[in-house]
1. Which order do peptides 41-49, 80-88 fall in by mean Cβ count within 10 Å, highest first?
2. Can you list the residues of the range 121-139 with backbone N under 12 Å from a point 7 Å past the Cα of Ser179, pointing along Cα to Cβ?
3. In terms of the ratio Rg/(2.2 N^0.38 Å) built on C-alpha atoms, what value belongs to the range 22-182?
4. Roughly speaking, what is the stretch gain from Gln45 to Leu165, that is 0.36 nm per residue apart minus the C-alpha to C-alpha distance, in nm to one decimal?
5. Just need the relative contact order of the range 22-182 here, percent rounded to a whole number, with Cα pairs under 8 Å and 6+ apart.
Amino acid sequence: MTTRYRTAALIYCLAICGYLRADIVDYPLTSDCTQTSCPPLRISQFNPALGSLDSISLSLAATFSGAVTYRNSSGTPGLFDIQFYDQLLLPSVLINTQTTTIDVSGEVFPDSSAIAQYTRQSTSDSLLSGNFQPYIGTGILNIQGFSGATFEAEDHDPNLSGPLLSGPSTDYTLNVDYSYSPSVLPEPSFLLLTAGLLGVLMVLALRKTIAKLPG
């Protein structure tokens, strides 16, 4: 094989190998939950025309927040104790944040109010495996979330009025990554370009061989 043929073969191999690289389609989605049931997230399915789906990665980030207000209209201070619970569930994609309980205690002075505010961020990652069929297509996949953020008043002095709840609310972002191997077959235009390049190199090699012939 001449050097020119080797060069052409190398160029063709590198071009084809470029189509075998892994690629990712990324879908970041955001939802706000002001009740137990969150608005569904609408995720675009993986288009099989892009190639073969290898894996689905999920990344969940949630922010839980809320506030509780106690009012003291008496002449003596009052104590309160309240617990905040939070969790976000996305059962259809088997991902959720870790359940957390935080206890908050405080004192309300006479003729005043006190607010116990709560804000917490939580993240969770998951790699789906097994049946990808529900995620493959050209339509939309609805992902339903459920918020488990609640308040529970443990104890407070009788001279306190409340609690007055604000929230809780849950804001979250779900990032969906489709990792796939693109189709092996190149585009027709790419094939024509490669064939033309090989043809030119073959003609040049043939001319060189004819020029070396005696006579």
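1. 80-88, 41-49
2. The answer is 126-129.
3. Normalised Cα radius of gyration, the range 22-182: 1.40.
4. Full extension of this stretch gives 39.3 nm more.
5. 47
Taken together, the values in this text are just the output of simple stated rules run on the coordinates, not laboratory data. These numbers come from a predicted model, not from an experiment. No Cβ is skipped: glycine too gets one built from the backbone with ideal geometry, and neighbour counts run over all protein chains shown.
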